[in-house]
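The values are calculated or read from the model by the stated rules, or taken from the named source; none is laboratory data. Everything quoted here is computed from the prediction, not taken from an experiment. Glycine gets a Cβ as well: all are built from the backbone with ideal geometry, and neighbour counts include every protein chain shown. The accessibility values were calculated without ligands, DNA or RNA, using every heavy atom of the protein model including side chains. Shrake-Rupley method; radii C 1.70, N 1.55, O 1.52, S 1.80 Å.
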Amino acid sequence: MNLEEKELNELFKIADKIGSKRYHKLTHQDFENYRKFDYWRYVNGDYECGTTQESKTWVRDNSDCYCPICGDKYFEKGGKTIDHKLPRSQYPWLSMEFKNFWVICLMCNQQKGEMHWYEYEHYIFVRYPDYYIGVKVARPSYLLQSLKE
Ligand SMILES: [Zn+2]
């Protein structure tokens with residue numbers, strides 16, 4: 001096992017540990033944030049999904065013209081979306097945690113679906129090795145470190 005794999009393995013363990021600890025202690029605020037994201041989410045041009053002025057501004061400030069995964073222009077891939085690096089279904093208390101957000105294209109978001117980040121990294125590594133660097137760079141290490149503290 002090389003150092004990279006060791007680091008990944010370590011982060012997996014942290015995520016699982018936080019997951020089992022927090023999942024059973026969801027607060028009222030966690031539920032509110034979970035719902036808040038439904039109004040806050042950003043789907044380019046689709047107001048039915050609840051894009052707000054705040055989320056529009058956030059997306060503008062946190063993205064450029066190209067999807068960080070596939071490297072294509074957003075408008076060629078269905079537009080910009082906010083994705084949770086650690087999925088809401090498994091980490092509901094991170095619904096409105098900005099360190100858990102990144103802007104990716106609609107097509108990459110649909111493909112990522114509800115995959116756990118590390119499952120996703122593995123998926124990209126195997127299926128789209130050319131995209132792997134972009135995904136690895138965005139690894140939520142900082143988020144996990146901050147949760148650990
Ligand atoms: Zn993309």
Solvent-accessible heavy-atom area per residue, rounded to whole Å², over the chain at 1.4 Å: 60
Computed [θ] at 222 nm, helices only, for the chain once each DSSP H run of length n ≥ 4 contributes -39500 (n - 2.57): -15000 deg cm²/dmol
Accessible surface of the chain, 1.4 Å probe, proportion on carbon and sulfur as whole %: 53
Two-site label geometry, residue 36 and residue 72: point separation in nm, points 7 Å out along Cα→Cβ: 3.4
Net charge dipole size for the chain [Lys, Arg +1 and Asp, Glu -1 on Cβ; Debye, nearest 20]: 300
Diffusion constant of segment 39-112 at 10 °C, which comes from Stokes-Einstein with the Kirkwood Cα-pair radius and 1.306 mPa s, µm²/s: 129
Range of Cα positions in segment 3-149 per principal axis (Å), largest first: 41, 38, 22
Amide hydrogen neighbours beyond the local backbone of residue 80, cut-off 5 Å, H modeled: 44
Spatial separation of Cα centroids for segment 128-148 and segment 65-80, in angstrom: 18
Label-point gap, in nm, between residue 12 and residue 146 - each point 7 angstrom along Cα→Cβ: 2.5
Projected area, mean over directions - segment 69-121, Cα convex hull, nm²: 3.5
